[in-house]
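Take a look at the structure below.
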Amino acid sequence: MRKILVTGGAGYIGSHTCVELLEAGHEIIIYDNFSNSSPLAIKRIEEITGKAINFVSGDILDQKTLEQTIHLYNCDTVIHFAGLKSVGESTSDPISYYENNVAGTLSLLKAMKSLNVKNIVFSSSATVYGQPQFLPLTETHPLSTTNPYGNSKLVIENILRDVFASSPDWSITILRYFNPAGAHSSGLIGEDPLDTPNNLMPYVAQVAIGKLKELTVFGNDYDTPDGTGVRDYIHVTDLARGHLKAIEQIGESQCLEINLGTGVGYSVIDIVNAFKKASNKEVPFKFAPRRKGDVATCFANPNYAKQTLGWEATLGIDDMCKDHWKWQETNPNGYNPAE
Ligand code: NAD
Ligand code: WQD
């Protein structure tokens, strides 16, 4: 049993991970500034698990509060989700992205070091592979990025590798997520974009429920079976279970990079069709030019995760759409019922 500080634990992936950690008997302390989440998510985690949760409303840039929290709760491990994640916004406001993501991580690492806590699991992204040079993507694929968000993830990965090189008593697990989708099967927690969604699945869900008029499909001239972009969508519960496995596998001394994906790619049109089937709703769409920075196809080789963590995805695209729809239908305004 570990005592885990979960930064960004009220967010989309963090909240699902907290459920899995609690159900497996770990102790958690959520640390979040709620800049992209709601305290109601924590209530919902409590409802799902039947367990009371300790949480601190704080910023990862605030090293002192981090230190007090780690000390007070005697944490031995950190799962670090907190950060900003919109690619488009990172291009218009790079300073905020480097500050929250890079400076925030440095502040966290300094707090951990000062208290001799040296176990960390970090949320990285398949975005660090840039334009794929071969598929499926293995962890040894060359790293490159195309936007400030991606740069911030790669910088953090490099910082973590340097920390390990300087002091091998750290245990560092860098998880590279592919495209998270879906929601908890209870329908109580899910993704709650504060603005118009940037990502495909929440956009499709809001079209299906009638909040948005139609989906714009970015590009139908890619070299893919139907011309639309292909991605490796992974159920957020599978992703959460990957974190649980990573926690259980933490060793004395390691610095690992691990893909969390399914190994299967679906096109935008595949997702539209699967969502229509799951929701029994129409999802009108129109084609538009490619979105800048998008790649044609991206999917993982998930073998290393199986080898190192004994983890593999178990849920498929129909589960992702069914669960995303349940969340969307029962919480049409996300965590904000007054909207
Ligand atoms: P999210 O926005 O739902 O969760 C992030 C959480 O961090 C939010 O609760 C937010 O309030 C909090 N936060 C942000 N800045 C903070 C700060 N300075 N101090 C304290 N809390 C702060 O995002 P998510 O989808 O759950 O993503 C979690 C992590 O996974 C992020 O690091 C993201 O970059 C990474 N990731 C996400 C995806 C994706 O598509 N969702 C893919 C790959 C990697
Ligand atoms: C998926 C596909 C789009 C919206 C992004 C980040 C990545 C990671 C996950 C954090 C693409 C198409 C989308 C729409 C569309 N995040 N699409 N119309 O771009 O693979 O990855 O989120 O780390 O870093 O870049 O995901 O969901 O935005 O797009 O046609 O309105 O859907 O072109 O082919 P992406 P996405």
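The values are calculated or read from the model by the stated rules, or taken from the named source; none is laboratory data. No experiment lies behind these values; they were computed from the predicted model shown. Glycine also receives a Cβ, built like all others from the backbone with ideal geometry; neighbour counts cover every protein chain displayed. Ligands, DNA and RNA are stripped out before the accessible areas are found, and what is left, the full protein with its side chains, is counted by its heavy atoms. Shrake-Rupley method; radii C 1.70, N 1.55, O 1.52, S 1.80 Å.
Pull up the stretch 57-87, narrow it to residues that are among the acidic types (Asp, Glu) and not in a helix (DSSP H, G or I), then point me to the one that is nearest to ligand 1 (Cβ to nearest atom).
Going through the stretch 57-87, the residues among the acidic types (Asp, Glu) turn out to be 59, 62, 67, 76.
Next cut, not in a helix (DSSP H, G or I) only: 59, 62, 76.
Details: ASP59: 4, ASP62: 8, ASP76: 20 Å.
Among them, the one singled out is ASP59.
When ILE269, ILE189, ILE209, ILE258 are checked against the criterion of being among the aliphatic types (A, V, I, L, M) and either at positive phi or out of contact with any helix residue (DSSP H, G or I) (no Cβ under 8 Å at 6 or more places or on another chain) (or both), ILE269 stands alone in meeting it. Screening ALA205 with (1) in a helix (DSSP H, G or I); (2) within 14 Å of ligand 2 (Cβ to nearest atom); (3) closer than 21 Å to GLY8 by Cα; (4) not aromatic (Phe, Trp, Tyr) gives one miss only, at (3).
Screening ASN333 on (1) within 19 Å of ALA126 (Cα to Cα); (2) assigned to a loop (DSSP other than H, G, I, E, B); (3) of a type outside the set (Asp, Glu); (4) free of Cβ contacts under 8 Å to residues at least 24 places away in the same chain shows it passes everything except condition (1). Scanning the stretch 149-166 turns up no residue that is over 29 Å from LEU5 (Cα atoms), in contact with a Lys or Arg (Cβ under 9 Å, 6 or more places away or on another chain) and at pLDDT 95 or above.
Within the stretch 249-294, restricting attention to residues that are within 19 Å of the chain's Cα centre (by Cα) and charged (D, E, K, R), which residue is modelled with the highest pLDDT? The selected residue is GLU257. Of everything in the stretch 36-55 that is surrounded by fewer than 18 Cβ atoms within 10 Å (Cβ to Cβ) and free of Cβ contacts under 8 Å to residues at least 60 places away in the same chain, the residue that is nearest to ligand 1 (Cβ to nearest atom) is PRO39. Here ASN280 passes the criteria (1) under 30 Å from ILE120 (Cα atoms); (2) free of Cβ contacts under 8 Å to residues at least 60 places away in the same chain; (3) of a type in the set (S, T, N, Q) except the one numbered (1).
For the stretch 257-300, filtered to residues that are of a type in the set (A, V, I, L, M, F, W, C) and part of a loop (DSSP other than H, G, I, E, B), the residue that is nearest to GLY316 (Cα to Cα) is VAL264. Among what's in the stretch 91-100 and is assigned to a helix (DSSP H, G or I) and surrounded by fewer than 23 Cβ atoms within 10 Å (Cβ to Cβ), pick the residue that is farthest from ligand 1 (Cβ to nearest atom). Taking the candidates together, the pick is SER92.
Within the stretch 56-84, restricting attention to residues that are more than 19 Å from LYS3 (Cα to Cα) and among the aliphatic types (A, V, I, L, M), the residue that is least open to solvent (accessible area, probe 1.4 Å) is LEU84.
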